[in-house]
Amino acid sequence: MTKFLIPTQRFNSINHPHISTFMLRPLSNFHSATSPLPSFFTPTKLRGFCTSSPFTGNRRFRSVFSTRALENDVDVGELKGDSGSASSNGTGDLGVNSLEKEYPSGEFEMEEFNLWRTFLVKVRMLFALPWERVKKGSVLSMKLKGQISDQITSRFSSGLSLPQICENLTKAAYDPRISGVYLQIEPLNCGWGKIEEIRRHILNFKKTGKFILCYVPICGEREYYLGCACGEFYVPPSAYVSLYGIAVQATFVGGVLENIGIEPQVQRIGKYKSAGDSISRKSMSPENCEVLTVLLDNIYLNWLDIVASTQGKRREDIEDFLNSGVFQVQRLKEEGWITNIMYDDEIISMLKERLGVKKEKDLSIVDYKKYSRVRQWTLGLGGGKDRIAIIRASGSISRTSSPFSSSSSSIVAEQLIEKIRNVRDSKIYKAVILRIDSPGGDALASDLMWREIKLLASSKPVIASMSDVAASGGYYMAMAAQTIVAEKLTLTGSIGVVTGKFSLKNLYEKIGFNKEVLSRGKFAELTSAEQRPFRPDEAEFFAKAAQNSYKQFRDKAALSRSMAVDQMEEVAQGRVWSGADAASRGLVDAVGGLSRAIAIAKEKANIPQDRQVRLDELSKPRTSFPSLLAGIGSSLRGLRAIKEIMHEISQTEGVQTKMDAFFERNQFSSSSPIVSLIRNILSS
């Protein structure tokens, strides 16, 4: 949790759509829940985060705060260190607790249809609606690029949806009309959690025996990590190859603000709380360096291990190859990193030959948009008597909606609480999956949602499934569930508080600006008098308020996770953890994706693992002006940024509990036009 007057920083690289280049700007899609993520994570070309499919339990495959577990599909051999290695040894190995409770893995198992079900599917496809008709022998083509949302997007949205990507792969696995999948992977701008989920579905699809290949014209670490899971990997002769490794960088403007007469007055509780560092410091703190180093090692070593496992080589061999400087496409082919060097049209010709299509005929291709409209029911994948609700919470947290807020990019507490109460009152749902992809936001909103989730969990099983990031306010929500599931590289934790304000006294003197305040009450000018620094009694009051906020957050986390306060204190202090490290420390129960969360929900609800369940998505998009604006904005450069800034401006009142590129922030509103101007400049 954190308090801050001016949002600054954006996290662009590690595990969040905004963790990729530590630039000084706020997480546009996540403003307001427990502290802001610092802007430090620029894995060279690490631009993506991917995670789970909300449909895993619907399919014909078995998707298949207190105990820990490691998902079966995570090779323990990949997690070289012991449970504490990542932080105690500083190696970055993803360790997990050896005393874990066994949870079902949710591993994909291809289900064979009997003759009757096969006949029903054929009849349904025969009478399918026009937009659901697909020619036999078709190839599913999907272009993965840019940002990937954890929400289900509307038909008007131009963006990619993780649930729909994963559902398409699952449907294609069972669809007799689909011969294979052709993925075109462009630079990604999502987190490692989402990438892990898509990769998991690619591997599941390969179990069907159908082909899946990828074409990657610009190849960085994220793109290769995803592409190497496919059976075939192609690049054009002129492909941009940037497999250089992963880097982290942080930007500090403390010196700049000092020169122009702005004095940030920051009070942080928790030795690892780095919120405010970018504006108050001129260099990285040792504690922040420690956190970022461990997270960087987690990502880098996981990347080496997965690639090494895919290629059947040692980690050392992969690292030596990277360090030798990789940029020649031909060398990738010679070393076995790719299948072949081909242009897109040559791949199409190859597929035509493979599928027996005559040269003069066109290859039958169905794209992402069209195939997303094919219902699971048409393929015999719908249903089951038992129903599990999926509630998605993505983006920054605010208490109420604004004219510029969008359900796909923000969490509005009053709307989410309404969904939670409806599910709690309903008798048709056996369990609930709370899918979280948020760095936090408004502290009050986070606490109100925590309460409602806690009440829901008292009436039926609630499983929290973390995507790219669930830190600060995002973790606040998750800790109300009975079981928490996170990806290996989910960013989570960040239990800490930062509070502060800007003193603009020197700036005002330089520019000739004057502000006078008349007040009654000892602390009436606490947040409104930016024309002067804190008085000693005000500074003391601020520090006590921050300490109190931290104790409330920490103690509630300890209660929710059935831990002693002293034990929670050791893993709190504002520290951000990877999902695997969080599991080894009791902050997370199991490592895995949405399919594992569904399997655990079945277990908690006493539903047999081999029984189909119906997954009801309760966060489906509504056609609204913001969604239309978002769709149109994809073709208008800069409109998206304007929309995000306007949303941030409209939500700045109140205390903020949010992780900004690794920090949390609590923000007080300010009436100063100069403070607002500075905030907007730093946010843009």
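For a paramagnetic label modelled at 7 Å from the Cα of PHE513 toward its Cβ, which residues of region 256-299 fall within the zone defined by backbone nitrogen distances under 13 Å? Correct set: 260-263. Modelled spin labels at GLU334 and GLU102, positioned 7 Å past Cα toward Cβ, are 5.0 nm from each other. For region 397-542, a simple Cβ point-charge model (Lys and Arg +1, Asp and Glu -1, everything else neutral) yields a dipole of about 360 debye relative to the Cα centre. For ALA471, the amide hydrogen comes within under 5 Å of the amide hydrogens of SER438, GLY440, counting only partners 5 or more places away or on other chains and with H modelled in the peptide plane. For region 440-491, just say rounded, prolate or oblate: build the C-alpha gyration tensor, square-root its eigenvalues into a ≥ b ≥ c, call rounded for a/c under 1.5, and beyond that prolate if a/b exceeds b/c, oblate if not. Judged from the Cα gyration tensor, region 440-491 comes out oblate (a/c at least 1.5, b/c at or above a/b).
Taking amide H atoms as placed 1.01 Å from N in the peptide plane, the amide H of ILE365 lies under 5 Å from those of VAL139, each 5 or more residues away in sequence or on another chain.
Could you compute the FRET efficiency for ARG611 and TRP377, with r as their C-beta to C-beta distance and R0 at 22 Å, rounded to 0.05? Write down the numbers at each step before the final one.
Details: r = 18 Å, r/R0 = 0.81.
Step by step, r from the Cβ atoms, then E = 0.80.
Put a plus charge on the Cβ of each Lys and Arg, a minus charge on the Cβ of each Asp and Glu, and nothing anywhere else: the dipole of region 272-341 about its Cα centre is then about 220 debye. Would you pull out the residues with amide H under 5 Å of PHE211's amide H, same chain only if 5 or more places away, H placed 1.01 Å from N? Correct list: VAL181. Ordered by the number of other Cβ atoms lying within 10 Å of each residue's own Cβ, fewest first, LEU126, LEU301, LEU504 fall into the sequence LEU126, LEU301, LEU504.
Rank-order 529-537, 493-501 by packing density, defined as the average count of other C-beta atoms within 10 Å over each peptide's residues, highest first.
On the way: 529-537: 16.1, 493-501: 31.6.
In descending order of packing, they fall as 493-501, 529-537.
Counting every other Cβ atom within 10 Å of each residue's Cβ, TYR224, TYR300, TYR244 order from fewest to most as TYR244, TYR300, TYR224.
Which order do TRP337, TRP577, TRP192, TRP450 fall in if you start with the one that has the fewest other Cβ atoms within 10 Å? Could you put the intermediate results ahead of the total?
Values: TRP337 23, TRP577 28, TRP192 35, TRP450 19.
In order of increasing Cβ crowding within 10 Å: TRP450, TRP337, TRP577, TRP192.
Here each label is just a point 7 Å from Cα along the line to Cβ, and for ALA539 and ILE260 those points are 2.5 nm apart.
Only the coordinates and a few stated rules stand behind these numbers; no lab work does. Every value quoted in this text rests on a predicted model; they were computed, and no experiment measured them. Quick reminder, even Gly has a Cβ in these numbers, built from the backbone with ideal geometry, and neighbours come from all protein chains shown.
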